[in-house]
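Step one of this worksheet: look at the structure below.
Laboratory data are not the source of any read-out in this text; all were calculated from the coordinates shown. Source: prediction; values computed, not measured. Counting neighbours? That spans all protein chains shown, and the Cβs are built from the backbone with ideal geometry, glycine included.
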Amino acid sequence: MSRIYEALQKAESERALDKRDREPRTPEQVAAPTPPSDFEPLAQTVVAEAEYEAPAPAAPVRPRYAAPAAATATNAPLDLSKIERRPWSPAFAQLPSLLHRGSAVEQFRSLRSRIFELRDVSPLKSILVSSGMPQEGKSFISVNLAFSLARHKNSKVLLIDGDMRRYTMHQILGCESQPGLADYLAGKAGIVEIMQRAEEMPPTDSSNQPAMPNLTFIAGGNGGDKAADLSGSPRFGDLIRQASPYFDWIIVDSSPVLPVSDAVNLARFCDGVLLVARGGVTKFPIAQRAQSELKAAKVLGFVLNAVHEPPQVGDYYGYDSTNE
Ligand SMILES: Nc1ncnc2c1ncn2[C@@H]1O[C@H](COP(=O)(O)OP(=O)(O)OP(=O)(O)O)[C@@H](O)[C@H]1O
Ligand SMILES: [Mg+2]
C-alpha cells in the first residue's frame, strides 16, 4: 500500500470523525506531498490545516485593459522595469504562508525545503501545479508556495495562472485578470505586458510584506472556449524560456488534468509537476489517474492538502518567519 493511499485514507477517516466531533469545522490544512508507490521519491511535506475563515471576497476588480496590437514572440531580452505596478488587495485569509509564524507557515516552508532538495538533484525552476479533479486546492497551493518561495532569501518568483478556463488567482491577489496568459498565447500581448507587480502596500497585521515585491504575476486572461487550443501553443514554451533567466522560480497554477487536457499541454514546458490531492476528498484511483495523465512530464510528487492535525513541529521549535 502506497504512502499516498495511506495518507488519503487516514485523512478521510479523520475527516469523518471531525465532522461528528466539531461543527462547524475549522478551515482545512494543507497536507504533505506523498508520492504513490511508483512515484519518484519526492517531497513529503505535511502542511497543516490553515486556520482561516471562509475565503474573503476579493476586492472588486476593475477591467481597464484594452488589447494591444498583435504581438509576436521574439528572443529579445525582457525589460522587467516596464512591468506595470498595480493596486493589489490580497485576500490574506487565503494566504496563510504570509503569516509571521504558525503551522501553515511551517508546512509551506517544509514543502519548499523538499523542492530545494529536488533542485539539488536535477535542474528545477518551473513547476506546474495540478490535480485530478476541480477544487482540490491547486490554486491555494500554487499561490502560497509562490509566496513561501519569495520569502526565502528574497527569491524572485513568477506566478502564472495557467487555468485559462477558471482563473481565480487574481481574486486571491485582488488584482486585475487581464491582460493575462491567454492574451499572450493568442498573440495579442507581449510577455512584459501581461506581467504585473503589486504597488507598495501599507503593512498589515496579517501579512509579511517583504514577499510581495518579489512576486511577479501573470493572470489567466480570458481563454474561454479557446483555452484548449491556447494551452497547446508553443508560445507558452517561449514564455517560460524567456522569463527563466530573470526568476529563481516559476510556479504555474493549472486546471485539473482529468476533465481537460490544458494542464498536460502546459506541463510539457515545465521542469516538474506537483500534484495536489485533497484529504478526505480525493480518491486514490483519481490520484493515480492524474499521475498517469502526466506520464510525459516529470511528476515531482503529491501535496496532500486540507488535512487535519498535521505535525506541529514548527510550533515546537517556535519557528518565526523573520528568520527566513
Ligand atoms: N488547505 C486549505 N485550507 C482551507 N481551505 C482550502 C485549502 N485548500 C483549498 N481551500 C479552499 O478550497 C477551495 C478550492 O481551492 P482551490 O481554488 O485552490 O482549488 P482548485 O483545485 O484550484 O480548484 P479549481 O479546479 O476549480 O481551479 C477554495 O475556496 C480554497 O480557498
Ligand atoms: Mg484553481
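Multiplying the residue separation of residue 93 and residue 166 by 0.36 nm and subtracting their alpha-carbon distance yields 24.2 nm.
Peptide packing for 244-256, 156-168 was compared via the average number of neighbouring C-beta atoms within 10 Å per residue; ordered from the highest value, the list is 156-168, 244-256.
In segment 151-291, one over the average inverse separation of all distinct C-alpha pairs is 16.0 Å, which is the Kirkwood hydrodynamic radius.
Computed from the C-beta positions of residue 200 and residue 296 and an R0 of 41 Å, the FRET efficiency is 0.45 to the nearest 0.05.
Summing charges over neighbours of residue 254, with a neighbour being any other residue whose Cβ is under 13 Å away from its Cβ, gives -2 when K and R count +1 and D and E count -1. Simple spin-label estimate for residue 156 and residue 268 gives 2.8 nm between the two label positions (7 Å along the Cα-to-Cβ direction from each Cα). Relative intensity of segment 212-269 on a log10 scale, I(q)/I(0) at q = 0.12, 0.30 Å⁻¹, equals -0.31, -1.42, per a Debye sum over C-alpha point scatterers of equal strength in the absence of solvent. One way to sum up the overall shape of segment 143-182 is the equivalent ellipsoid from its Cα gyration tensor, whose semi-axes run 21, 10, 9 Å, largest first.
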